[in-house]
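A short write-up of the structure that comes next.
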Amino acid sequence: MRYPDGGGLTAQQRARHEQVRFEAAELFAQGVKPPQVARRLRVSRRSSYAWQACWREGGVEALRSTGPSGRPSRMKPAWRTWLASALGQGPARHGWAEDQRWTLARVATVIARRFHVRFSIAQTWRILHQMGFTVQVPVRRAAERDKEAVATWLKETWPQIEEAVRERDAWLCFADEAGQVLRPPKARTWSRRGHPPLVTVRAAGSGRISLAGLVCRRPGHRTRLIFRMLVHHGRKGERKGFREQDFARLLDAAHQQLRGDLVLLWDNYTHHVDATMRELIDQRAWLTVYRFPSYTPDLNPAEGIWAQLKSSLGNLAPCSIDDLADLARTRLKRMQYRPGLLDGFIAETGLITASP
């Protein structure tokens with residue numbers, strides 16, 4: 001006699017469940033009661049008592065997996081391999097050009113076209129689950145992105161940046177800007193079914209905050225976050241964003257605070273590449289500047305800072321732009337005291353995987 005596994009489990013899942021049952025058998029042999037086994041192995045008492053009954057009747061072999069239950073699946077392993085490759089090509093490759101969403105109905109249609117076997121929606125969900133697929137929010141990427149240019153930059157320019165950092169014993173600084181208005185990003189929250197939660201926000205009026213930040217890394221030192229904020233109330237003549245002199249003051253403050261040379265890496269924003277900014281850069285011998293390829297925010301760890309900040313402001317209902325500025329400033333200061341989090345943003349880019 002062997003223990004019957006439930007249907008729909010992968011081979012790895014069956015092996016993991018079998019191992020848990022073997023651990024339970026060892027505890028039963030030591031005289032441990034089923035309730036205590038359930039607590040130790042984090043399983044239900046019902047399962048623990050059922051395993052004990054099987055163990056008493058047939059020993060450890062009775063708890064060995066019998067393999068998948070029910071009839072063999074019509075979805076053959078070779079078909080699953082093909083399906084995984086087909087889904088990676090995207091819906092447009094298979095005739096759905098209006099959007100880029102894979103739905104269960106579309107997946108079932110793709111399988112039927114290829115193998116002339118029609119699976120139900122429930123069966124298709126089970127097949128995808130067994131293949132390791134889940135429902136996910138896609139990551140956006142600009143159509144203007146040049147893959148060859150990015151590959152060339154990673155192969156040629158990035159080694160030059162690493163060499164410049166080593167030769168000058170400098171701080172490697174990633175720079176970026178962001179903004180936030182009174183209308184907050186949406187975030188999930190609990191509510192009664194059929195009654196979406198209501199968040200009251202300021203629809204009238206104007207105002208925004210502009211942010212500029214540097215994520216600074218140097219081997220042997222903790223990673224630093226340095227930022228500046230501009231609050232725009234919508235008044236006449238008020239600055240709406242950072243200009244060349246503002247960036248220069250931020251870099252001067254970073255140089256003074258870090259007490260070392262800077263190797264700066266930022267994007268091709270207009271105020272980063274114009275004549276005024278180039279002149280300000282030339283006046284600072286301690287500063288070396290490189291630029292990311294176009295449309296590559298995923299290479300900039302400062303983007304992670306802004307994503308973390310906006311996530312923390314979900315469903316916010318501030319009374320004024322000054323309230324929003326105070327809260328954003330508090331959130332950013334908290335990140336300054338979490339170098340491990342900053343290291344994670346850097347590692348996420350794939351440029352530097354090890355923390356300093």
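The values are calculated or read from the model by the stated rules, or taken from the named source; none is laboratory data. From a predicted model like this one, the values you see are computed outputs, not experimental measurements. Note: ideal-geometry Cβ built from the backbone for every residue, glycine included; neighbour counts use all protein chains shown. To get the accessible areas, we keep the full protein, side chains included, count just its heavy atoms, and leave off ligands, DNA and RNA. Shrake-Rupley method; radii C 1.70, N 1.55, O 1.52, S 1.80 Å.
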Residue ID - surrounded by the most Cβ atoms within 10 Å (Cβ to Cβ), chosen from residues in region 237-260 that are over 31 Å from the mean Cα position of the chain (by Cα) and part of a loop (DSSP other than H, G, I, E, B): Gly260
Enumeration of residues in region 261-295 that are touching an Asp or Glu at 6+ places or on another chain (Cβ under 8 Å), within 25 Å of Ile209 (Cβ to Cβ) and surrounded by 19 or more Cβ atoms within 10 Å (Cβ to Cβ): Trp266, Asp267, Met277, Phe292
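Residue by residue through region 299-337, note down the ones that are more than 18 Å from the chain's Cα centre (by Cα) and either outside any helix (DSSP H, G or I) or farther than 19 Å from Gln180 by Cβ (or both).
Residues satisfying the conditions are Asn315, Leu316, Ala317, Pro318, Cys319, Ser320, Tyr337.
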Among (1) closer than 23 Å to Glu303 by Cβ; (2) among the basic types (Lys, Arg); (3) in a helix (DSSP H, G or I); (4) open to solvent by less than 70 Å² (accessible area, probe 1.4 Å) - the single one Lys155 does not satisfy: (4)
Some residue of region 58-80 being open to solvent by 70 Å² or more (accessible area, probe 1.4 Å), modelled with pLDDT of 90 or more and not aliphatic (A, V, I, L, M): no
Condition met for Arg141 (at pLDDT below 90, open to solvent by 40 Å² or more (accessible area, probe 1.4 Å) and farther than 30 Å from Phe247 by Cα): no
Every residue from region 81-109 that is within 15 Å of Phe133 (Cβ to Cβ), open to solvent by less than 50 Å² (accessible area, probe 1.4 Å) and not in a helix (DSSP H, G or I): Gly90
Pairs, first touching a residue at least 24 places away in the same chain (Cβ under 8 Å) in region 236-252, second part of a helix (DSSP H, G or I) and among the hydrophobic types (A, V, I, L, M, F, W, C), C-beta under 7 Å, six or more apart: Glu244/Met277; Glu244/Leu280; Phe247/Met277; Ala248/Leu280
Pair list, Cβ under 7 Å, 6 or more apart: region 49-67 residue closer than 16 Å to Lys33 by Cα, other residue surrounded by 15 or more Cβ atoms within 10 Å (Cβ to Cβ) and of a type in the set (A, V, I, L, M): Trp51/Ala24; Trp51/Leu63; Cys54/Ala62; Cys54/Leu63; Trp55/Ala25; Trp55/Ala62; Trp55/Leu63
Positions within region 57-80 being of a type in the set (D, E, K, R), over 30 Å from Glu23 (Cβ atoms) and in a loop (DSSP other than H, G, I, E, B), in sequence order: Arg71, Arg74, Lys76
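What about Arg140, is it under 26 Å from the mean Cα position of the chain (by Cα), more than 24 Å from Ala11 (Cα to Cα) and in contact (Cβ under 8 Å) with a residue 60 or more places away in the chain? Spell out how you get there, then give the answer.
Values: under 26 Å from the mean Cα position of the chain (by Cα): yes; more than 24 Å from Ala11 (Cα to Cα): yes; in contact (Cβ under 8 Å) with a residue 60 or more places away in the chain: no.
In short, no.
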Every pair of residues 6+ apart whose Cβ atoms lie under 6 Å, when the first sits in region 271-297 and is under 16 Å from Ile161 (Cβ atoms) while the second is part of a loop (DSSP other than H, G, I, E, B) and of a type outside the set (Asp, Glu): Arg291/Asn268
